Amino acid sequence: MAALTRRTMLGGLSALAVVRPDRAFAAWPERNISLIHGLTAGGGVDVSARVIAEGLSKKLGQQIVVEPKPGAAGTLAAAQMARANPDGYQLGWIPSGHAVTAATYKQLPFHPIDDFTIIGQAIEFPFLIVTYPDHTIRNIADVIKTAKSRSESLLAGVPGAGTPQHLLMEYFMRLAGIKIQVVPFRGGNQALTELLGKRLDFLLDPPIALIGQIKSGGLHAIGVTGDKRYTPLPEVGTIAEAGFPGFSVTSWMGLVGPAKLPPDIAARLNRELNALIAEPAAAEKIRALGSDPKGGTPDDFKALIAKDIARWTKVIADAGIERI
């Protein structure tokens, strides 16, 4: 038998080093995966995360457990994700508020892009602008005309200061050259109550919170903030159609992991995520939440996050909003 030399030992260890990553990827996942998000259980972000988790669990052959970690506008969960071991067993579900906090906070314990492996977008939806049924404002052109002609400001309700809806309204005001008084509330339900009591002129919120009352006649939809008309409300025009070509502000949600997630795991997750949201059953569940399935590459999602951070940073600066 040949003697075991230092050279043969090192050669064997080198071979093992080459094989181990492939074996590790081939075995992944071998246990449950956590999917963390930073908002409350039962809300739109949580429900959407559970739709995606259910579908990916079947594709990966392991349970994905959704774990809400609310606090500090989602930054606590994001910080936990940024510090997580990049082994594929802890993933993050981020909404577009991730870009808003990056713009509104002076300092965060993580970089909103570089401290994450960006896996892919899954969901997109516009905001709807609505008023009570007998208001004289019927569309976006009426909003602009009324804001320019009325002596007192129009009142626009939003579910909190520094929310995407608040910044969207500031953005629109500057584009349109008008002044509207933004009224922040503690959540969308309170704003909706005030609107129905005719103490506001209109409000902005996601479709899931409003479409039932629009369909029943309890609310009138003024406009849509996306680049195309919202499929369930084809009669409602976009802000772009009202004289602002290219205007598009949508909300989104997507999947991330901690930085340095193994590329093969990240690539598989992106592939499985895109396959999932293309399935009719999953797409139907997403649309039932007032959203649209929207996939793409990690680079697509990274560019979207960066674009939103840049836009909201400029809006905050232009509006003189104090950063937190």
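From the backbone phi of region 220-234, what are the Karplus-calculated ³J(HN,Hα) couplings (6.51 cos²θ - 1.76 cosθ + 1.60, θ = phi - 60°) in whole Hz, Gly and Pro given as x?
Along region 220-234, the couplings run 10, 7, 8, x, 10, 8, x, 7, 9, 5, 7, 3, x, 10, x Hz.
Please arrange Thr40, Thr101 by counting, for each residue, the other beta carbons lying within 10 Å of its beta carbon, fewest first.
On the way: Thr40 13, Thr101 20.
Lowest to highest Cβ neighbour count: Thr40, Thr101.
Which of rounded, prolate or oblate describes region 199-324 when judged by the alpha-carbon gyration tensor and an a/c cut-off of 1.5? Walk me through the numbers on the way to the answer.
Numbers: a/c = 2.25, a/b = 1.30, b/c = 1.73.
Oblate.
Answer with a single label: of (1) 0.97; (2) 1.17; (3) 1.22, which was calculated as Cα Rg over 2.2 N^0.38 Å from the structure in view?
(2)
Starting from the Cα-Cα distance between Ser149 and Lys307, subtract it from 0.36 nm times their residue separation and give me the gain in nm to one decimal.
53.5 nm
Enumerate by residue number the trypsin sites (Lys or Arg not before Pro) in region 193-225 meeting two conditions: DSSP loop (anything except H, G, I, E, B), and at most 14 other Cβ atoms within 10 Å of the site's Cβ. Walk me through the numbers before you get to the answer.
Details: sites: Lys198, Arg199, Lys215; in loops: Lys198, Arg199.
Filter output for region 193-225: Lys198, Arg199.
Given a cut-off of 31 Å, name the pairs among Lys285/Lys307; Lys69/Lys198; Lys106/Lys148 whose C-alpha atoms lie farther apart than that in the structure shown.
The answer is Lys69/Lys198; Lys106/Lys148.
How many nm separate the modelled label positions at Ala161 and Asp87, each set 7 Å beyond the Cα in the direction of the Cβ?
Label-label distance for Ala161 and Asp87, simple model: 4.4 nm.
What is the gain in length, in nm to one decimal, between Ala72 and Asp264 on full extension, counting 0.36 nm per residue of separation less the C-alpha to C-alpha distance?
Details: separation 192, 0.36 × 192 = 69.12 nm, distance 3.25 nm.
Extra length available between Ala72 and Asp264 comes to 65.9 nm.
Can you give the Rg/Rh ratio of region 210-255, where Rg is from the C-alpha atoms and Rh is the Kirkwood radius? Mind showing how you got there, number by number?
Values: Rg = 11.9 Å, Rh = 11.6 Å.
Reported Rg/Rh (Cα atoms, Kirkwood Rh): 1.03.
Output the 0 to 90 degree angle, nearest 10, between the alpha-carbon long axis of helix 298-319 and the longest principal axis computed from the alpha carbons of the chain.
40 degrees
Of the cross-linked pairs Lys294/Lys314; Lys59/Lys314; Lys215/Lys302; Lys59/Lys302; Lys228/Lys314, which ones have a Cα-Cα span greater than 31 Å in the structure shown?
Details: Lys294/Lys314 26 Å; Lys59/Lys314 41 Å; Lys215/Lys302 35 Å; Lys59/Lys302 24 Å; Lys228/Lys314 24 Å.
Correct reply: Lys59/Lys314; Lys215/Lys302.
At 7 Å along Cα-to-Cβ for each site, give me the label-to-label distance between Arg271 and Gln63 in nm.
Simple spin-label model gives 2.7 nm for this pair.
Using a Förster distance of 56 Å, how high is the FRET efficiency between Arg199 and Ala27, based on the Cβ-Cβ distance and rounded to 0.05? Can you show the working numbers first?
Numbers: r = 59 Å, r/R0 = 1.06.
That pair, Arg199 with Ala27, gives E of 0.40.
For a Förster distance of 41 Å, can you work out the FRET efficiency between the beta-carbons of Arg138 and Glu279, rounded to the nearest 0.05?
On the way: r = 39 Å, r/R0 = 0.94.
With a Förster radius of 41 Å, E is 0.60.
With θ taken as phi - 60° and the coefficients 6.51, -1.76 and 1.60, list the Karplus ³J(HN,Hα) couplings across region 258-271 in order, rounded to whole Hz; mark glycine and proline as x.
In residue order, the calculated couplings are x, 4, 6, 4, x, x, 5, 5, 4, 5, 5, 4, 5, 5 Hz.
Ile64's amide H: which non-local residues (gap 5+, or another chain) put their own amide H closer than 5 Å, with H modeled 1.01 Å from N in plane and none for Pro or chain starts?
Excluding prolines and chain starts, which carry no amide H, the hits are Ile33, Ser57.
Each reported figure results from applying straightforward, stated rules to the coordinates on display, with no laboratory input. Small disclaimer: the values here were computed from a predicted structure and weren't measured. Cβ sites come from the backbone with ideal geometry, for glycine too, and all protein chains shown count toward neighbours.
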